[in-house]
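The next block holds one structure in the form of structure tokens; read it before the comments.
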Amino acid sequence: MARIALIGAGGVIFAQNFIKDILISNALRDSEIVLMDMDAARLANSVTFAQKIGEKLGVMPKLSSTTDLWQAVKNAGHVITLFRAGTLEHQRIEQNIPRKYGVDQVVGDTMGPGGVFRGLRTLKALFDVLDAMETECPGAYLLNYVNPMSLNTIALSRRAKTVKVIGLCHSIPHTAGELAKYIGVEKKAIRYLVAGVNHQAFFLKFEVDGKDAYPRLREAMTKPEIYNRDKVRFEWFRHFGFFPTESSGHGSEYVPYIRKRKDLIDKFCRVDYPDTSDGIDWGCMSAGRSGASLEICAGLQVRNEKETAALLHGTKEFDLKPSGEYAVQIINAIETNVPLSANLNVMNHGLIATLPPECCVEVPCLVDGGGIVPGRIENYPEQLAGLNRGMISMQMMGAEGAVEGSRRKIFHAVALDPLTAAVCSLDEIQSMTDELFAALRDQLDPRFFN
């Protein structure tokens, strides 16, 4: 019987997806589920949710909860990390200070100065999880959802001794659904092969009925109502030949071509289609509005609190359909030996030969009772590898700095970021990095200040 620990389970709306998926699975519903969060009140809500979901499904969950990380991971076979380190105010700092220097970020959780310092804040907590696992459940799987995905995966993998570190992200299946809509077919009709790095992987193969569907996508992008929804990605597609996986606004942060000048931001990152159907302007993210993630996170926080209250008071029904998240599907495949194919974030080690072996790549993996076996990608297009390397240099340097507690290497990581390098001098990057260290001092590893 599996023992599954959810770290950060107080984020009720996200956590309930995993609890629901476990209880839906015939093979996993008898598993021990351990919910862990530092906030006892939020954790209590998640316990109530789990019990209510069990009642709806006619299952009595084998459930425990704790605020003690080491107790949570004890004897676990699978640990899922889904917490957010810090607050919106810390994210605001990571956006506002770089903006003074001309580094205009949309999200700042993957690349840029924001991505580096969010990584440092997050890894401080993730290293605690990893260290606890090495003692209490050596050899277990750490299934991490927390960004920055690549930087975190590299740093955790360098520090791990026995724990198997795997990164999970929504961007590939979400993009597949968007591409299906753009060409007017059901998502189940498309077949694809995707590889690269997290938030900058590419659809190397995109087919419908065994035929290349890229010509249909090129025709679709001539329609303003489609092109205007995804300008940056369509421009990447136009110039580099393959469609990328992360949304236009978010993706515009990772390259030096767009966010370095106001005229380019206005041209490619204008909000042409506000989408506020649920009270949150999702369009601001895809369009690339500066600081869009703060707007969305603030809106989500309010919405989730209302939704949590409604579910607890019975004025809203639980959605009992499978969530589609990878984590429980992976655990199910390992525990039942029923094969699953999924794009996961793993250490490269030759999987994409033209990328550094110690970087993190996002590639198709076979998952079954034997574990997780990543697939090797042959003939990866060099122009895509070149784009990826711009991200990878920063990620590897940032991970090295985080593991070693080296302030100098964190400066080098920020200096290697493609967008930062496009708009800042080295002296400006040094000043910006120093400001971020000072503003976030209480959130970071003390080694950076010794």
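The values are calculated or read from the model by the stated rules, or taken from the named source; none is laboratory data. These numbers were taken from a predicted model, which means no experiment stands behind them. In this analysis, Cβ positions are derived from the backbone assuming ideal geometry, glycine residues included, and neighbour counts consider all displayed protein chains.
The condition (being over 21 Å from Q329 (Cβ atoms), among the charged types (D, E, K, R), out of contact with any Pro (no Cβ under 8 Å at 6 or more places or on another chain) and buried (at least 20 other Cβ atoms within 10 Å of the Cβ)) is satisfied by just one residue among D68, D37: D37.
The residues of the range 213-248 that are acidic (D, E) and exposed (fewer than 15 other Cβ atoms within 10 Å of the Cβ), listed by number, are E219, E225. Kindly indicate whether A50 is of a type in the set (G, A, S) and touching a residue at least 40 places away in the same chain (Cβ under 8 Å). The answer is no for A50.
What is the one condition in (1) surrounded by fewer than 18 Cβ atoms within 10 Å (Cβ to Cβ); (2) in contact with a strand residue (DSSP E or B) (Cβ under 6 Å, 6 or more places away or on another chain) that I377 does not satisfy? Every listed condition holds for I377 apart from (1). Selection of the range 249-266 for residues being surrounded by fewer than 23 Cβ atoms within 10 Å (Cβ to Cβ) and among the β-branched types (V, I, T) yields V255, I265. When the range 416-446 is filtered for residues that are under 16 Å from G119 (Cα atoms) and crowded, with 20+ Cβ neighbours inside 10 Å, the ones remaining, listed by number, are L416, D417, T433, L436, L444.
Of the numbered criteria (1) among the small types (G, A, S); (2) farther than 20 Å from I331 by Cα; (3) assigned to a helix (DSSP H, G or I); (4) in contact (Cβ under 8 Å) with a residue 24 or more places away in the chain, the one G10 fails is (3).
In this structure, does V338 turn out to be at pLDDT 95 or above, under 22 Å from the mean Cα position of the chain (by Cα) and either over 25 Å from K260 (Cβ atoms) or surrounded by 18 or more Cβ atoms within 10 Å (Cβ to Cβ) (or both)? No; evaluated as a whole, the condition is false for this residue. Yes or no: the range 127-147 includes at least one residue that is farther than 19 Å from Q71 by Cβ, modelled with pLDDT of 95 or more and in a helix (DSSP H, G or I). Within the range 127-147, not a single residue is farther than 19 Å from Q71 by Cβ, modelled with pLDDT of 95 or more and in a helix (DSSP H, G or I). Looking at T110, T175, T122, which is the one that is in a helix (DSSP H, G or I), polar (S, T, N, Q), within 22 Å of D230 (Cα to Cα) and under 15 Å from the mean Cα position of the chain (by Cα)? After applying the criteria, what remains is T175.
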